[in-house]
Amino acid sequence: MTAHQLTRFARTALSLAAAALAASAAHAQTTGNDVAAKDEAAPRAVDDKVRLGTITVVGSGGKLGSGLMINDDSVKGRSTVTKASIEKDRATGNSYQTIALLPGVNTYNYDATGLFGGGLSIRGFNSDQLGFTVNGVPVNDSGNYAVYPQEFIDTENVCQTSVAQGSTELETASGGASGGAVSIITCDPTDQRRVRASQTVGGLHMTRSYVRFDTGRFANDMAKLFISVSHTEADKWKGQGKAKKDHVDFGFSLDLSEDNKILGSVLYNRAVNNNIFNPTLAQLNANGYSGDFATTFKPRLAPVAGTAQTETGASGPAVYYGTSLNPFENVIASVSGSFKIAKDTYLKVQPYFWYGFGNGGWSDLALSEQTGLLGGAKDINGDGDTLDTVRVARASVTRTQRPGVTSEISTTLGDHTLKAGIWYERAQHRQTQPAVQFNADGSPSDTWLRNGCVQRVDGSCYQGRDWKTISTSYQVYVNDQFSFMGDRGLLSLGVRLPTVSRDVTSFASEGAIRAYADAAATKFTNVNQGYQIKRDFHEALPQIGVRFNLDARQQVFANVAKNFRAPANFAFTGANVRFVGGVIQPIQDIKAETSIMTDLGYRFQSRDLSFTATFFNSDFKNRQANVTDPNTLVSVYTNAGRVTNRGVELEAGSGVFGGFSVYGSLTAQKSEMKDNLVVSSATNGAAPVVLPTAGKQFGTTPRFMAGLAVQYEHGPFYARLKGKYTGSQYATLMNDEQAPGYLVGDLDAGYKFGDFGMVKNTKLALNISNIGNVRYRNPSSGTVTNAVAYQGSTVSAPTYYLGAPRLTTLTLSADFE
């Protein structure tokens, strides 16, 4: 898209919103009291009375911006998508797709179904720099802070998703959010008994069945609960393979009294996906847009006793698709309680448990029987000798057990609302890399890598890595919200004090570590030796914000917050550590990443139109650059120094006029690196090199983005057209490779047939994504440079996630009461 086209697109979004404002002015002439009464019906954010660090929406979400915007009195920039919008999305979608049109949000999915996950950055913060919560529970990976949105919740059970673009709430349980936050809230059980069922079919041989049962209120109307079950399957959009997902959501509500309430949920997910190959630009040009993993399995050599046989492995697109898998299962369980303990004083408590087990990064590895295993030679292929190099299937396994609890006491004293809370979590993160034999069809003998591992002489399993990380996190926070000038103004003062302790143990494995004789040595040897590293990271994080109402509909706000992200656990493992004189130490002394985020904004809010303009600035210190090859899971962890990102976000949503409603957003930003990047040599004995990155733009941060949604709803029919423009973005820190900008449109439509006896609320929904069948690419987290080698230092070229082609699905749903 040209700059002229972008300007026209942005003007369209904002002019439509302005037209809605003019229409509302002509729609009726009202008194001041009438205006206030009228605006009360607009959807608005209020603090959640039970869950910590979350909001709820009062009013009808569909009455403003087609459900993509609500009125908000926060002291900082925040955007919320309501149930009215989410329920029109494709049933298989995930939270990244839900928030795609919001200001500051740069997101994409690996496919149109949402079953394979996706990528996200907000104001230049990658998803692993944001604080993600589900019902107030932190769901970033406890080791590397990664986010897997396809695992969380079935779309039908999500009531709202909120984005705080610049900083988390003080209550948010996170030690890894140097950027903003994303909060996802499930719908409570319904008051009336109901069974809801839906069936989705469509392209890619997609089929999805969903059933939810709500008990309605029971036990003297104190309790209610729901349980839902779904099963989904769909083919990959390119190559061979598919996604298969089974999901169960459970929730309950218990009202002990008006001031004492308990909410709880258990969210279970089990999925087995074939991976989608993400090419470099060279591979894309060579293999075409539909290039994927190999569709035939290279035959194995028949074992022959007494003969040295050598098999060769495979990497990249040469790996057989049936080998490249991603099985995973996880549980997110929590209970949230709010109890009145004195006048205007409440205690909130939220214990939770997160469990995950799965694997990824499969490779077709050639393993030597003589030298490939610790402890000596071993006959792997069963031919009676130890002379061979044998192909095996290897993947990285992760098992996480993560209990935690957050609690808070709040009280009101005159014009002051005071809060004080504490969060504690102890996560055990076990990461191994076993290998198993291939089946005849090329699939691993055990997809989940629980049984049948390739063994060493002593009977233990081969491990390409063998790490255990205990991450202990805790935080205390205090907050004073002071209302002044008859509630026209709100001043919020707060501070949180997070601490993250990393206790990393690496057991001896086949994964070698470099060893140097002393600090001056340039030559190294590879050793297979265990070690332990402990590091503590802590910071004081103040927040100050103010909001002032200019009149009944206009307000200004300002907020300054300091954010913090402890280094990921892999900063102390594998290629990121070395032995020097027999002592283990990180190659780089990675410090915690911190940022200062400033928001300055204006809001006009009414039922007929809302408009928000937010100017923001972020100053990073010790920004951590994670350079990852998604096909091999090899990472290089570096300190990118200081980075600034500043810009403006515009957001507007209209009420409903003649059945039409409009939502638009516009983001303009610039992210600039302030320091050159020191790169450690990857060749034996070579000196370190310095890349001239100062003054260049940080990767994966588009300078311009714009979103637009136009909805028409009349009686039982609705239709919504959505468009998102994403500007060009650099794929490397050296700015020597760039992904071009692109515009993608989606269509959501439906018809509500009404009731047929005991069958209620029958609806048929149509969802078409990428209606223009646009081809585009997004960098996968970026890398240093596109050069194969730079001044003697070998680097990996950036890889890309490609835009999936048009996908059409139909969903038929109904309630049974």
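Some observations on this one:
- Remark: Gly464 falls outside the filter, which requires a residue to be open to solvent by less than 20 Å² (accessible area, probe 1.4 Å) and over 22 Å from Thr371 (Cα atoms).
- Residue in the stretch 350-409 that is farthest from Tyr268 (Cα to Cα), counting only those that are surrounded by fewer than 20 Cβ atoms within 10 Å (Cβ to Cβ), more than 39 Å from the chain's Cα centre (by Cα) and hydrophobic (A, V, I, L, M, F, W, C): Leu387
- Among the residues listed as Val546, Val504, the single one being over 24 Å from the mean Cα position of the chain (by Cα), within 30 Å of Val405 (Cβ to Cβ) and either modelled with pLDDT of 90 or more or part of a loop (DSSP other than H, G, I, E, B) (or both): Val504
- Which numbered condition Val229 misses (of (1) open to solvent by 20 Å² or more (accessible area, probe 1.4 Å); (2) touching a residue at least 24 places away in the same chain (Cβ under 8 Å)): (2)
- Close pairs from the stretch 435-453: first open to solvent by 20 Å² or more (accessible area, probe 1.4 Å), partner acidic (Asp, Glu), Cβ under 8 Å, at least 6 apart: Gly452/Asp446
- Members of the stretch 655-681 that are at pLDDT below 85 and either part of a strand (DSSP E or B) or open to solvent by less than 50 Å² (accessible area, probe 1.4 Å) (or both): Leu677, Val678, Val679, Ser681
- Only one of Arg208, Arg196 that is touching a residue at least 60 places away in the same chain (Cβ under 8 Å), buried (at least 23 other Cβ atoms within 10 Å of the Cβ) and of a type in the set (Lys, Arg): Arg208
- Selection of strands (runs of 3 or more DSSP E) fully inside the stretch 35-135 by the criterion of at least 1 residues being over 24 Å from Ala731 (Cα atoms) returns 44-47, 55-58, 79-82, 131-134.
- The test for being open to solvent by 10 Å² or more (accessible area, probe 1.4 Å), of a type in the set (S, T, N, Q), at pLDDT below 90 and assigned to a strand (DSSP E or B) holds for Ser635.
- Exactly one residue out of Leu267, Leu263, Leu281 is farther than 25 Å from Asp446 by Cα, touching a helix residue (DSSP H, G or I) at 6+ places or on another chain (Cβ under 9 Å) and either of a type in the set (A, V, I, L, M, F, W, C) or open to solvent by 50 Å² or more (accessible area, probe 1.4 Å) (or both), and it is Leu267.
- Of everything listed in (1) at pLDDT 95 or above; (2) open to solvent by less than 40 Å² (accessible area, probe 1.4 Å), the single unmet condition for Gly754 is (1).
- The single residue among Ala219, Ala234, Ala223 that is farther than 19 Å from Ile332 by Cα, open to solvent by less than 10 Å² (accessible area, probe 1.4 Å) and at pLDDT 95 or above turns out to be Ala234.
- Residues of the stretch 716-751 that are without any contact (Cβ under 8 Å) to a residue 12 or more places away in the chain and open to solvent by less than 60 Å² (accessible area, probe 1.4 Å): none at all.
- Candidates Gly288, Gly313, filtered to the one that is under 21 Å from Leu365 (Cα atoms), open to solvent by less than 60 Å² (accessible area, probe 1.4 Å) and more than 25 Å from the chain's Cα centre (by Cα): Gly313
- Filtered by the rule that a residue be modelled with pLDDT of 95 or more and part of a loop (DSSP other than H, G, I, E, B), the stretch 240-258 gives Gln240, Gly241.
- Among residues that are under 30 Å from Leu812 (Cα atoms), over 13 Å from the mean Cα position of the chain (by Cα) and hydrophobic (A, V, I, L, M, F, W, C), Ala173 is not included.
The values are calculated or read from the model by the stated rules, or taken from the named source; none is laboratory data. This structure is a prediction, so every number in the text was calculated from the model and none was measured. Every residue, glycine among them, receives a Cβ derived from its backbone with ideal geometry; neighbour counts consider all protein chains shown. All accessible areas refer to the heavy atoms of the entire protein, side chains included, with ligands and DNA or RNA removed. Shrake-Rupley method; radii C 1.70, N 1.55, O 1.52, S 1.80 Å.
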